[in-house]
Amino acid sequence: MTTAFDNRRGLLKAGAATAAVAAAGGLAGCATTDSAAPAKKIGRVIVIGGGYGGATAAKYINQWSNGAIEVYLIDRERNFVSCPISNLVLGGTQSMETITHSYAKLREKGIIVLNDEVTAIDPAKKKISLKKIADLTYDRLVVSPGIDFNFNAIQGLNDEAQKTILHSWKAGPQTVALKAQLDAVPNGGVYVLSIPKAPYRCPPGPYERACQVAHLFKAKGNTKSKVIIMDANPDIQSKKGLFMKAWADLYPGMIEYNPNMVVNELDIKGKRLVTETGDKVRGDVLNVVPPHRAGNIAQAAGLVNVNNLWCGVDWVTMESLVHKNIHVLGDATFAAPAMPKSGHMANQHGKAAAAAIVELMNGRSPVAPMMANTCYSFVDDKNVVHVASVHAYDEKDKTMKTVAGSGGVSGRPTEIEGRFAMGWARNIWADMLT
Ligand SMILES: Cc1cc2nc3c(=O)[nH]c(=O)nc-3n(C[C@H](O)[C@H](O)[C@H](O)COP(=O)(O)OP(=O)(O)OC[C@H]3O[C@@H](n4cnc5c(N)ncnc54)[C@H](O)[C@@H]3O)c2cc1C
């Protein structure tokens, strides 16, 4: 088993080799990308979080600096497990193996990947503390910790209750556990999904999940079973017409959608969710997605400066508006107008930050980025719909704005989009991890 310490020893060896090549007048000057000889180091970047934002940033800082920037990538999980496609694991048509990927290829590029948890950030000393190994210092820090949940918003959803009342809104063990709960639902049983107020990660994700659970029930012959959606929002948040038509066409009478249902209490004995207005909904499986906020480490480091929930950033560099030399990516950011919290968008943040960091650490000025997003949703095992958008930096308002006339949504679910969706997933995993 490789430990964090083994990786660091590997680093020391690699560092010695780098120094030897540099001293011998190596190839740094004419380096290209992956196969280039290691360049003279110009500084160290530590990336916290090896998800869609962080892994992308780590890969591209290494690649675009030709190895001149020493890159650490730190995640508390040993492997990357993708939320995109995880709804299909619940639906029974994809496996955990499909969505689980190793960091080995990033290690081969010279990125120091540590399996550890960052417990504190000291912006003044440019230092982080970790659970397993000694403190590390950085020249620039990238923070992409995703989201954490406000469990306190739901009375009764305490530590004990959380063992059985799952969110499965972070892919991993909870995906497997929710699938087991769904498999045990008898014909006529009820699945209840509670959606928090926006912004939450992946606006169409809950509605795709409703499709996948209904698909699972239908495939098992549980046609008397029901999917009840309790949405805290006033309406379906993404691809509304497409989801409503898919529910009516594919799962008639199976999916019930309820807007404005803010769940604030769990009655675990009665297997019921209770709303602010006193409505009570009973289910055999209660899938509660609590309200979101930026990942805990961002909060602890004082990076959260918007609504006590999210991290404001400079959209040219992705640098925190609170602490210099710290860049925040992905779901943890206070999103620009109409910018979704998505894996695709976090990947774009990762590239924007990587480009800016390489420029800044070489004494040059970063260029304002363009970003794009596509989110595919499976309405059954094969048919898919998408939503897309393009976002450009607006110099006057210092934010990203959607480009007029760009993007749009599918006309209807199709199998060809199903193939595009799996292609999208394989491509983005390869883009960030290989
Ligand atoms: C069911 C579902 C379906 C989705 N489908 C899509 C889709 O089809 N398309 C799409 O684009 N997006 C989709 N998303 C959204 C997407 O998963 C997120 O937007 C994306 O993961 C955000 O990337 P991130 O880098 O901000 O966070 P993450 O990808 O969550 O990565 C954060 C990482 O940081 C690590 N971490 C956190 N704190 C620490 C710490 N202190 N120390 C060490 N490590 C730490 C975590 O272990 C994690 O690996 C979906 C989400 C869900 C829940």
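Some notes on this structure:
- Taking D314, D380, D116 in turn, the Gaussian network model of the chain (Cα-Cα springs below 10 Å) assigns the largest fluctuation to D314.
- In this Cβ point-charge picture (+1 for Lys and Arg, -1 for Asp and Glu), the chain has a dipole of about 540 debye about its Cα centre.
- Across K105/K351; K240/K382; K40/K324; K197/K341; K170/K382; K163/K341, pairs whose alpha-carbon gap is larger than 21 Å: K40/K324; K170/K382; K163/K341
- Angle of helix 205-219 to the longest C-alpha principal axis of the chain, folded into 0 to 90 degrees and rounded to 10: 50°.
- Computed FRET value (nearest 0.05) for K127 with E160, which takes r as the C-beta separation and R₀ as 22 Å: 0.05
- A simple spin-label model places the labels of R282 and D235 3.4 nm from each other, with each point 7 Å out along Cα-to-Cβ.
- Between 0 and 90 degrees, the angle of helix 52-64 with respect to the longest Cα principal axis of the chain falls at about 20 degrees.
- Rounded to 5, the percent of DSSP beta bridges in the chain classed as antiparallel: 55
- DSSP-loop trypsin sites (Lys or Arg not before Pro) across the range 172-277, with at most 10 other Cβ within 10 angstrom: K269
- Loop-located trypsin sites (Lys or Arg not before Pro) in the range 116-146 whose Cβ has at most 10 other Cβ within 10 Å (DSSP): K125, K131
- Chain lengthening between A184 and A338 when straightened (0.36 nm per residue, less Cα-Cα): 51.6 nm
- Distance between the C-alpha centres of the range 327-365 and the range 150-181: 30 Å, rounded to the whole angstrom.
- Label point 7 Å beyond Cα of K224 along Cβ direction - residues of the range 172-204 with amide nitrogen under 13 Å: 186-190
- Listed by chain and number, the aspartates and glutamates placed with their C-alpha closer than 20 angstrom to that of K132 are D6, D75, E77, D116, E117, D122; residues fewer than eight positions away on the same chain are left out.
- Helix 240-250 and the longest principal axis of the Cα set of the chain meet at an angle near 50°.
- Reported to the nearest whole Å, the Cα centre-to-centre distance from the range 192-234 to the range 65-112 is 26.
- Neighbour net charge for A214 - beta-carbon separation under 10 angstrom, K R +1, D E -1: +2
- Gain on full stretching of the segment that runs from A404 to A120 - 0.36 nm per residue minus C-alpha separation: 98.1 nm
- Which of G146, V192, Q174, positive extreme of dipole for the range 141-209 (C-beta unit charges): G146
- Given 12 as the ceiling on other Cβ atoms within 10 Å, longest exposed-site-free region of the chain for GluC sites (Glu not before Pro) in DSSP loops: 1-159
- Projecting the Cα atoms of A335, A104, G411 onto the charge dipole of the chain, computed from C-beta unit charges around the Cα centre, puts A104 farthest toward the positive end.
- In this simple spin-label model, placing a label point 7 Å from the Cα along the Cα-to-Cβ direction at both A372 and K40 gives a separation of 3.9 nm.
- Restriction of the trypsin sites (Lys or Arg not before Pro) in the range 285-391 to DSSP coil positions whose beta-carbon has at most 12 other beta-carbons within 10 angstrom yields K324, R364.
- Placing a label point 7 Å from the Cα of K197 along the Cα-to-Cβ direction, the residues of the range 285-308 whose backbone N falls under 18 Å of that point are 289-294, 305-308.
- Volume in Å³ per residue [convex hull over Cα atoms, computed for the chain]: 148
Quick note: the coordinates plus some simple rules give every number you see, no bench work behind them. Note that this is a predicted model, so its numbers are computed, not measured. Note that each Cβ is placed from the backbone with ideal geometry, even for glycine, and that neighbours are counted across all protein chains shown.
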